[in-house]
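Student: Quick one: structure below, then a few questions.
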Amino acid sequence: MATPPLPSRWSPLDLIASPSAGKFVAVHSGGASLETRDLVSGDLPSHSLTGAHTVSGLTTGHLLKATGATSFGFAALAAGDPVSGGGANRVLFQDASSLLATSANLTFDGSQLAVSGSVLLGGDTLLYRGVADLLRTPDSLLVDGSFGIGLGAAPSYGLHWRTTNGFCVGADTVTDATTKSARYGCQHYTNAEKPFLAFLLTAGAAANSLLIGGGSSLGNAATSIGFYAGPTATTPTGTLYATLTPGLFALGQNSSVVQIGSVVSGSGRLVVRSLGATSGTNVSVFEDSAGASLLTLRSDGGFAFKGGTVGLAEGGWTMFANLSADRTCDANATTVDELADILGTLIEALKVKGILGG
């Protein structure tokens with residue numbers, strides 16, 4: 001574009017120093033003069049050229065700059081034009097007094113933008129480089145879309161990471177020689193409630209613990225836990241083989257083969273039920289699929305077979321004098337002594353098994 005003429009109130013005599021091509025002549029040196037030199041602290045924006053002089057021909061995006069060794073005018077900033085004389089690739093910035101400073105914390109070399117200090121985003125979010133190769137923020141970070149770490153491509157899932165060993169580690173403290181915990185859960189159905197806690201991992205001085213479905217006051221416990229398995233590596237969903245609910249652990253095909261607990265459905269092939277808290281009532285019950293007790297065992301030694309009354313083994317059975325162990329006989333040809341030996345042998349065998357007491 002054509003260089004507009006200088007305003008009539010300016011005189012070539014007012015130009016102090018000879019500008020070099022590309023340098024800005026935007027410094028009001030006092031009185032009615034301008035000079036062409038590098039901007040320094042104390043210059044713009046404390047002076048206003050457009051407020052002090054009437055300038056014509058100014059177009060948005062155009063700046064007053066030197067157009068030759070001894071001339072200047074308004075022209076668009078072009079590639080290669082320096083912004084300041086503060087140093088290679090530097091950009092002037094305002095200091096705390098709103099004056100242009102001579103040093104720079106923002107540089108751009110055409111391929112990368114470098115910031116030597118922290119970056120303030122949105123007025124209160126701080127982003128900074130704490131140490132080499134570590135970007136930090138003391139504020140929370142919200143990602144509304146999928147988030148990928150180390151993938152080198154768009155993430156396939158809500159959170160998708162790839163590292164050398166694929167290890168994901170959590171901890172509530174990084175202090176050495178201190179017990180650490182990590183938790184994984186799901187947001188509760190009711191937003192105001194604590195989350196549902198799936199796993200709690202605790203690393204202590206002598207033990208590492210994995211708690212499933214609860215164990216922390218920071219989250220709500222599971223009401224049921226299911227164990228699934230599939231026949232192949234490409235089987236979606238799988239088959240439920242075991243369930244754990246309050247008072248009942250059931251395992252087997254669709255959780256109906258074996259049931260263990262204080263609450264049972266009576267539909268399993270084998271049910272082991274633990275009831276009560278004392279030796280007289282704490283029993284294990286083996287039931288059939290109809291819920292009938294096949295065998296009941298009590299911690300104090302009481303027992304009963306199907307249809308029997310639970311009790312201790314009947315006592316008072318003593319050794320037979322002159323007993324000869326005998327387990328065979330001819331029913332059509334036997335003696336009283338032989339029958340006595342057979343009976344005594346049976347009673348002693350029942351005593352050994354705990355069915356009878358001495």
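Student: If amide hydrogens are placed 1.01 Å from N in the peptide plane, which non-local residues have theirs closer than 5 Å to the one on residue 161?
Tutor: Sorted by chain and number, the residues that satisfy this are 149.
Student: Sort 170-179, 190-199 for me by packing, meaning the mean count of neighbouring Cβ atoms within 10 Å per residue, highest on top.
Tutor: Averaged packing, sorted descending, gives the order 190-199, 170-179.
Student: Counting only protein heavy atoms and a 1.4 Å probe, tell me what percentage of segment 295-350's accessible area is made up of carbon and sulfur.
Tutor: 59 percent
Student: Give a residue-ordered list of calculated ³J(HN,Hα) values for segment 128-139 (Karplus: 6.51 cos²θ - 1.76 cosθ + 1.60, θ = phi - 60°; whole Hz; x for Gly, Pro).
Tutor: For segment 128-139, the Karplus curve yields 8, 9, x, 9, 4, 6, 9, 9, 10, 8, x, 9 Hz.
Student: Calculate, for residue 304 and residue 239, the FRET efficiency according to 1/(1 + (r/R0)^6) with r their C-beta to C-beta distance and R0 41 Å; round to the nearest 0.05.
Tutor: 0.70
Student: What FRET efficiency comes out for residue 118 versus residue 188 if R0 is 45 angstrom and r is the Cβ-Cβ distance? Round to the nearest 0.05.
Tutor: On the way: r = 37 Å, r/R0 = 0.81.
E between residue 118 and residue 188, to the nearest 0.05, is 0.80.
Student: Here's another thing I want to ask about it. Can you compute the modelled spin-label distance between residue 212 and residue 149, with each label point 7 Å from Cα toward Cβ, in nm?
Tutor: Calculated label separation equals 2.5 nm.
Student: Hey, can you rank 295-303, 313-321 by average C-beta count inside 10 Å, highest first?
Tutor: Averaged packing, sorted descending, gives the order 295-303, 313-321.
Student: While we're on this one: Ignoring ligands, DNA and RNA, what accessible area per residue does segment 100-211 give at 1.4 Å, in Å²? Walk me through the intermediate numbers first.
Tutor: On the way: 8930 Å² over 112 residues.
For segment 100-211, the solvent-accessible area averages 80 Å² per residue.
Student: Distance from a point 7 Å along Cα→Cβ of residue 174 to each backbone N in segment 136-158: keep the residues under 14 Å and list them by number.
Tutor: Only 136-138 fall inside the zone, counting backbone N under 14 Å.
Student: Which FRET efficiency value, to the nearest 0.05, is calculated for residue 330 and residue 294 with the Förster distance at 30 angstrom and r the Cβ-Cβ distance?
Tutor: 0.30
Student: Where the centroid of each part is defined by its Cα atoms, how far is segment 214-241 from segment 311-358 in Å?
Tutor: 54 Å
Student: Taking amide H atoms as placed 1.01 Å from N in the peptide plane, list the residues 5 or more away in sequence, or in a different chain, whose amide H sits under 5 Å from that of residue 320.
Tutor: Those lying under 5 Å, H to H, from residue 320: there are none.
Student: Per residue, how much accessible surface does segment 291-334 expose to a 1.4 Å probe? Answer in Å², no decimals.
Tutor: 73 Å²
Student: Now a separate question. For residue 126, what charge total do you get from the other residues with a beta carbon under 11 Å from its beta carbon, if Lys and Arg give +1 and Asp and Glu give -1?
Tutor: Value of the local net charge: -1.
Student: Right, another one. Please list, in order along segment 326-334, the HN-Hα scalar couplings obtained from phi with the Karplus expression 6.51 cos²θ - 1.76 cosθ + 1.60 (θ = phi - 60°), rounded to whole Hz, x for Gly and Pro.
Tutor: So the J values, rounded to whole Hz, are 8, 10, 9, 6, 9, 4, 8, 8, 8.
The values are calculated or read from the model by the stated rules, or taken from the named source; none is laboratory data. The structure presented is a predicted model; accordingly, all values stated were derived computationally and were not measured. Note: ideal-geometry Cβ built from the backbone for every residue, glycine included; neighbour counts use all protein chains shown. Note: areas computed on protein heavy atoms with side chains; ligands, DNA, RNA excluded. Shrake-Rupley method; radii C 1.70, N 1.55, O 1.52, S 1.80 Å.
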